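Step one of this worksheet: look at the structure below.
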Amino acid sequence: MTFMRLFFMCHLFLFSVLSLSVSAQTTKPAGYKVGDQVDVAWSGSAYKAKILKVDGERYLVRYEGYDPKNDEWVRTSRFHSNSKLPKGVSKILPGKYICFSDEYNQTTGMTEFTNRGSLIFHPNGKYEYLGYKQPSIGTYTVVANGVIRLKGGYMDGGQATPMPRPNKFYLVFPNIIGNRWSCEPAKK
């Protein structure tokens, strides 16, 4: 191989590498950016979230009003354009809820409320019931009209039904103590 031919091939190679490098740097990825507000589909519903980081086609999101431990990486296939539930139905958002049972006391003529522990709905479809020394863990899915079905753990076979009030629900399950529990977001 002659010197000129070798020289030409080296320059051609360098030119191709440099042009690919410049092209990769100037091509802006399509999609969303840090700070954008999005609705993320999760377990049959959609939840408002903010994009915190972008890694290629993955987005780290924080659910509105929820702890950073619930942040998760999602793809645009999980972004939802219509997050509305039917009128009069409140969606139950991921987070920690305090649950109470109530019982009418005939002697005092008053309703007595008993704290039954807390229930955490994680954005990944798992729940934790913190009513014992060790948490009871199971999974859940959101079905029609925002109702949540519980599977596994202490509340296996249970159901959380949204109240007309925002982010509150009634909870029933086979092992329940009392008739039903009322649950509301834990104070931060």
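What follows is calculated from the coordinates using simple rules that are stated; it is not laboratory data. Everything quoted here is computed from the prediction, not taken from an experiment. Reconstructed Cβ throughout: ideal geometry from the backbone, glycine too, with neighbour counts over all protein chains shown.
If you take every residue apart from TRP73 with its C-beta less than 11 Å away from the C-beta of TRP73, what net charge results, scoring Lys and Arg +1 and Asp and Glu -1?
0
Could you give the length gained by full extension between ARG62 and VAL143, i.e. 0.36 nm per residue of separation minus their alpha carbon distance, to one decimal place?
26.8 nm
Just subtract the alpha-carbon distance of ASP156 and ILE176 from 0.36 nm times their residue separation and send over the number in nm, one decimal. List each step's numbers first, then the result.
Details: separation 20, 0.36 × 20 = 7.20 nm, distance 1.05 nm.
Full-extension gain reported as 6.2 nm.
Over the Cα atoms of region 112-188, Rg to Rh with Kirkwood Rh, two decimal places? Write out the running numbers ahead of the final one.
Values: Rg = 11.8 Å, Rh = 12.8 Å.
Looking at region 112-188, the ratio lands at 0.92.
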